[in-house]
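To keep things clear, I will list the structure first and then write my remarks on it.
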């Protein structure tokens, strides 16, 4: 498939045509590669033409490749049609199929469809992956439904899994954006209190999480609450991001702000805000 790797789609298609004319049958892997490549290049007509071509047995991998490309391009009707066709072809959607559809629904704000697909997936004994759960949490928060986001987060725990750092970050960020700073701080404290347990599970607070929570406090002018978090962040050798530094410089310009930040200035110097 050298033609394809160098983007020569038409040459690759002509080679497939010659192979079939000469009585040779291209492998399923070749068809899958062509479908995925055409999708990634945005050549949907070619991708669908290859997919619908006679003479090769479709498999779930090929469905997944095309569905993923169609969803990323916003072609929901075609993606949904293909998803529904999987069962019609006597095939069974695999976890990749479901996770691709669910994540796509979430990215485009189709929470009701995503939730329904989650139920169907679990009914068939399959479990959403970490990325899908993160997408659901993010989409729920973006829609202003932080309660639903927390329900999803709790469902991860009930399933026997441990939420990962991306799910913590997504929920904490969503809670802050929805004005639930206390809930966000409680969740953040929960991770810190887990200590080594959190680190062993890859859930130790990272730079993104610190910056997210600190920004939330500073935007609400809760400077005193932000100071201990800044100290903890700097002790871990994390660096405030440009947004946090910008707010801190504004706070420093006020007498009361400088007073609140003085413990940090004494320990780390003013250059930490530059």
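The values are calculated or read from the model by the stated rules, or taken from the named source; none is laboratory data. All values derive from a computational prediction rather than experimental measurement. Backbone-built Cβ (ideal geometry, glycine too); neighbour counts: all protein chains shown.
Here is how the numbers come out for the structure above:
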| quantity | calculated |
| --- | --- |
| Residue 68 being within 28 Å of residue 152 (Cα to Cα), in contact with a helix residue (DSSP H, G or I) (Cβ under 6 Å, 6 or more places away or on another chain) and modelled with pLDDT of 70 or more | yes |
| Restricting region 165-180 to residues that are closer than 16 Å to residue 220 by Cα and in contact (Cβ under 8 Å) with a residue 40 or more places away in the chain, the residue that is surrounded by the most Cβ atoms within 10 Å (Cβ to Cβ) | 172 |
| Positions within region 237-251 being part of a helix (DSSP H, G or I) and crowded, with 17+ Cβ neighbours inside 10 Å, in sequence order | 244, 247, 248, 251 |
| Pick from region 81-93, criterion surrounded by 15 or more Cβ atoms within 10 Å (Cβ to Cβ) and under 20 Å from residue 122 (Cβ atoms), ranking: farthest from the chain's Cα centre (by Cα) | 91 |
| Residue satisfying condition, being out of contact with any helix residue (DSSP H, G or I) (no Cβ under 9 Å at 6 or more places or on another chain), within 18 Å of residue 184 (Cα to Cα) and not in a loop (DSSP other than H, G, I, E, B), within set 169, 154 | 154 |
| Region 172-190: number of residues that are modelled with pLDDT of 90 or more and in a loop (DSSP other than H, G, I, E, B) | 1 |
